[in-house]
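Student: Below is one structure. I have some questions about it.
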Amino acid sequence: MAERKPLISGNWKMHMNHLEAIAFIQKLSYALDQADYASADVSIHPPFTNLRSAQTVLDADSIPIALGAQHCHWAESGAFTGEVSPAMLAKLAVRYVIAGHSERRQIFGEADEQVNRRLKAILGAGMTPIMCCGETLQEREANQAEARIAAQVDAGLAGLKRDQVGAMVVAYEPVWAIGTGHTATPDDAQAGCALIRDRVRANFGADAAAGVRIQYGGSVKPANVAELMAQPDIDGALVGGASLEAESFSRIVRFRLQ
Ligand code: PGA
């Protein structure tokens, strides 16, 4: 079975300007060493306005942190006021793009069909999507969590090729755990990630299921990352709040030492 290298991603959301981003990256790079990069892939997802500055610093100092974005449009160019295309991101050496984050689904009304179009465009531009899925508290309490996650995975990945799915990233982010301080228990997080992998296996086969990296996201912190990462189907973390301080994010990347 394929060995899946963990991916620890920092989703900055709408935080930090480009000067703060430069200072953050320098601080983070001092905190991490080659052994850290050997044991985990690391990505940061700043706001669009910071990408160029971040790319310049990462490149100039040969820092092996991957650049990520939080969102993109599916078209290559056109009359889409306010949007950024996958080709524009790829040109800035962006490697990972988050698609379908619950905040985009809830606040901006993003539907599965749009997430699916975004995924295809991200892959078409040679980047790796991180597709988010997860149930709300109401869905969980109504025993609809499994059906919701399965539906998001089915619709989000529809029409993708097996090898594309096997090389991408899915993040299980229960909405009730995001930014609330309520982390899912390791058992709950494992169950959600295992469900996603089962669904990938059913739709795309064993190789895709063995290859796809599944992150857990929702109030991940230095204190809880190790027990989450010890679960067999959790291959990384999508970190919001705790990714905004270089100190806490570097401790999450070094989860094996916690
Ligand atoms: P959080 O956010 O770590 O602040 O809960 C996670 C996310 O939204 O990706």
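Since every read-out is calculated from the coordinates, none of them should be taken as a lab result. None of these values were measured; they are calculated from a predicted model. FYI the Cβ positions are ideal-geometry reconstructions off the backbone, even for glycines, and counts take in every protein chain you see.
Student: Just need the relative contact order of the chain here, percent rounded to a whole number, with Cα pairs under 8 Å and 6+ apart.
Tutor: 21 percent
Student: Sticking with this one: For the cross-link pairs Lys120/Lys221; Lys5/Lys161; Lys27/Lys120; Lys161/Lys221, which exceed 25 Å when the distance is taken from alpha carbon to alpha carbon? Show your work: numbers first, answer last.
Tutor: Numbers: Lys120/Lys221 32 Å; Lys5/Lys161 21 Å; Lys27/Lys120 35 Å; Lys161/Lys221 34 Å.
Too far apart for the 25 Å limit: Lys120/Lys221; Lys27/Lys120; Lys161/Lys221.
Student: Which shape class applies to region 1-87: rounded if a/c is under 1.5, otherwise prolate when a/b exceeds b/c and oblate if not, where a ≥ b ≥ c are the square roots of the Cα gyration tensor eigenvalues? Walk me through the numbers before you get to the answer.
Tutor: Numbers: a/c = 2.39, a/b = 1.41, b/c = 1.69.
Oblate, since a/c reaches 1.5 and b/c is not below a/b.
Student: Going by C-beta contacts inside 10 Å, put Met14, Met127, Met88 in order with the fewest on the left. Walk me through the numbers before you get to the answer.
Tutor: Working: Met14 7, Met127 23, Met88 18.
Least to most surrounded, the residues fall as Met14, Met88, Met127.
Student: Once a ≥ b ≥ c are taken as the square roots of the eigenvalues of the Cα gyration tensor of region 132-237, is the result rounded (a/c under 1.5), prolate (a/b larger than b/c) or oblate (a/b not larger than b/c)?
Tutor: Cα axes put region 132-237 in the oblate bin.
Student: If each of Arg162 and Thr185 carries a label point 7 Å out from its Cα toward its Cβ, how far apart are those two points in nm?
Tutor: 3.7 nm
Student: If you don't mind, there's one more thing I want to ask. Shape verdict for region 56-107, please, from the Cα gyration tensor: rounded (a/c under 1.5), prolate (a/b greater than b/c) or oblate.
Tutor: Oblate shape, in that a/c is at least 1.5 and b/c is the bigger or equal ratio.
Student: Starting from the Cα of Asp207, move 7 Å in the Cα-to-Cβ direction to define the label point; list residues of region 144-166 whose amide nitrogen is under 11 Å from there.
Tutor: 162-164, 166
Student: Testing the spin-label approximation: label points 7 Å from Cα along Cα→Cβ at Glu227 and Arg95. State their distance in nm.
Tutor: 3.1 nm
Student: To continue, here is another question. Calculate the all-directions average of the projected area of region 45-177's alpha-carbon convex hull, and give it in nm².
Tutor: So the mean shadow area of the Cα hull is 8.8 nm².
Student: Work out, step by step, the length gained on full extension between Lys27 and Glu76: first 0.36 nm times the residue separation, then minus their alpha carbon distance; give nm to one decimal. Don't skip to the end; give the middle numbers.
Tutor: Details: separation 49, 0.36 × 49 = 17.64 nm, distance 3.45 nm.
Between Lys27 and Glu76, full extension yields an extra 14.2 nm.
Student: Sorted by mean Cβ packing within 10 Å, highest first, what order do the peptides 198-205, 158-165, 210-217 take? Could you put the intermediate results ahead of the total?
Tutor: Numbers: 198-205: 17.1, 158-165: 15.6, 210-217: 23.5.
So the peptides 198-205, 158-165, 210-217, ranked by packing, come out 210-217, 198-205, 158-165.
Student: Convert each backbone phi in region 98-108 into a coupling constant with the Karplus relation 6.51 cos²θ - 1.76 cosθ + 1.60 (shift: θ = phi - 60°), then list the ³J(HN,Hα) values in order as whole Hz, x for Gly and Pro.
Tutor: 6, 9, x, 4, 4, 5, 6, 5, 7, 7, 10
Student: Calculate, in nm to one decimal, what Ala142 and Gln106 gain on full extension: separation in residues at 0.36 nm each, minus their alpha carbon distance.
Tutor: So the extension gain works out to 11.1 nm.
Student: Per the Kirkwood treatment, what hydrodynamic radius in Å, one decimal, follows for the chain from the mean inverse distance over all distinct Cα pairs? Write out the running numbers ahead of the final one.
Tutor: Details: mean 1/r = 0.0552 Å⁻¹.
When all Cα pairs of the chain are included, the Kirkwood radius is 18.1 Å.
Student: Follow-up. Please state the charge dipole magnitude for the chain, taken about the Cα centre, from unit charges on C-beta atoms (+1 on K and R, -1 on D and E), reported in debye and rounded to the nearest 20.
Tutor: Using Cβ point charges on Lys, Arg, Asp and Glu, the chain gives about 420 debye.
Student: Right, here's the next one. If you take the beta carbon distance between Gln34 and Glu247 as r and set R0 to 22 Å, what does 1/(1 + (r/R0)^6) give as a FRET efficiency, to the nearest 0.05?
Tutor: For R0 = 22 Å, the calculated efficiency reads 0.65.
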